[in-house]
Amino acid sequence: MTIEVRVPQLPESVADATLVAWHKKPGDSVRRDENLADLETDKVVLEVPAPADGILRELSAATGAVVTSGVLLALIDEGAITSSSAKGVSASDSPSSEAAMTSTADASDGTASTKVAPAARRMLDEKKMSTSDVSGSGRDGRVSKQDVVRALSAKPTAAARAPSTPSTPSTPPSTGGHGRTEQRVPMTRLRARIAARLVEAQATQALLTTFNEVDMTSLNAARGQYKDRFEKAHGVRLGFMSFFVKATVEALRKFPVINAYVDGTDVVYHDYYDIGVAVSTDRGLIVPILRDADALSYADVERAVTGFATKAREGTITLEDLTGGTFSITNGGVFGSLMSTPIVNAPQSAILGMHKVQDRAVVVAGQVVVRPMMYLALTYDHRIIDGREAVQFLVTIKECLEDPARLLLQL
């Protein structure tokens, strides 16, 4: 029986997708729910699972094709894998069948049992590697792109230890020059979408950035005092992000226009707080959403942020995770940034930038002391947000972080 493999129903906000990779070729055996191909949308990579066991008969869409919901991708001959056993032919009856089965098992390289993130799968295909060459570090041995990178970096060392044998070079040696080559690589759908949104924000909003700095002494002391008990009680580490999210919610309560956006000639105010937290991935920056952040506990925030990072690394983040948001936070400090001017995630009207904590000399009570300081940046749409509101918004966050008890008392 022939089974059709079609593009799954795409979310309402996604018009089409690009077929970025086939993981099987015609003639390969497939198992039900095994990933056959990756579809890249503007936001996430979607997997196309096999609907049944069988043999992949033909591909109806080529790599790089732009497809929509319901488009035919491939045909599978259902049950073809077990057809020989149905006729009473077994591996013990035919040595050639046994060899074929062994060959098929070797060719699979364990992909049926090893989970591989889409980004890792593409790199494996590009480098002509199999999952047996990589040790997965994710949940249940899932292979991430970082695992493939580590395996690649170990190859030269292994090759250097191997005994040398005479061989004929497959390509002639370089006769000069300094490797002045160029490579043209098309943008991924996500990168192209990011580029379009950033340009749109710059072109349609009156963006301005204001700065402040926060003394992290009290916050560091609070984390140092409670981090072990917090992790033991809640099973997650106590980081900075939960404090910043809570401080942001308090500031948004005081200045609701910063939680609003422009729609034509109207200003739309949100009475809820869906905070986007920027996460860097191999494919580009994504902003998953902490929904109803005002109702989340510190542990809830830390668990959600950790979960987003894991899903982003493994390529399993969903469109629902990325949809919506009324305000965003980005942390360039994890990469060592001391100061920056982040760009608003349109149609939102503002974004908070966190930066590196650095010991600096500051004046406290007339004395020069060394304190752990962080610069804060707020980029905002000056069409609806005045400088006074932007500055006082940052001051509120500063006060909450320098005296964490204010967060508990909502002062």
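The values are calculated or read from the model by the stated rules, or taken from the named source; none is laboratory data. Everything quoted here is computed from the prediction, not taken from an experiment. When we count neighbours, we look across all protein chains shown, and the Cβ atoms used for this are built from the backbone with ideal geometry, even at glycine. All accessible areas refer to the heavy atoms of the entire protein, side chains included, with ligands and DNA or RNA removed. Shrake-Rupley method; radii C 1.70, N 1.55, O 1.52, S 1.80 Å.
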Notebook entry, point to check: Leaving out ligands, DNA and RNA, what percent of the accessible area of the stretch 296-364 is carbon and sulfur, probe 1.4 Å?
Noted result: 60 percent
Item checked: Rule-of-thumb Rg ratio for the stretch 283-411 [Cα; 2.2 N^0.38 Å; N residues] -> 1.19
Check: Among rounded, prolate and oblate, which fits the stretch 174-302 when a ≥ b ≥ c are the square roots of the eigenvalues of its C-alpha gyration tensor, a/c under 1.5 means rounded, and a/b larger than b/c means prolate?
Finding: oblate
Margin query: If you filter the stretch 1-77 for trypsin sites (Lys or Arg not before Pro), then keep DSSP loop positions with at most 16 other Cβ within 10 Å, what is left?
Written below: R31, R32
Checklist line | Across K232/K311; K356/K398; K115/K232; K127/K356; K227/K356; K246/K311, pairs whose alpha-carbon gap is larger than 25 Å | finding: K115/K232; K127/K356
Checklist line | Probe 1.4 Å - accessible area at D386, Å² to nearest ten | finding: 80 Å²
Next item on the list: With a 1.4 Å probe and every protein chain left in place, work out the accessible area per residue of the stretch 266-366 in Å², rounded to a whole number.
Entry: 44 Å²
Checklist line | Anisotropy class of the stretch 239-320 from Cα gyration tensor, a/c 1.5 cut | finding: oblate
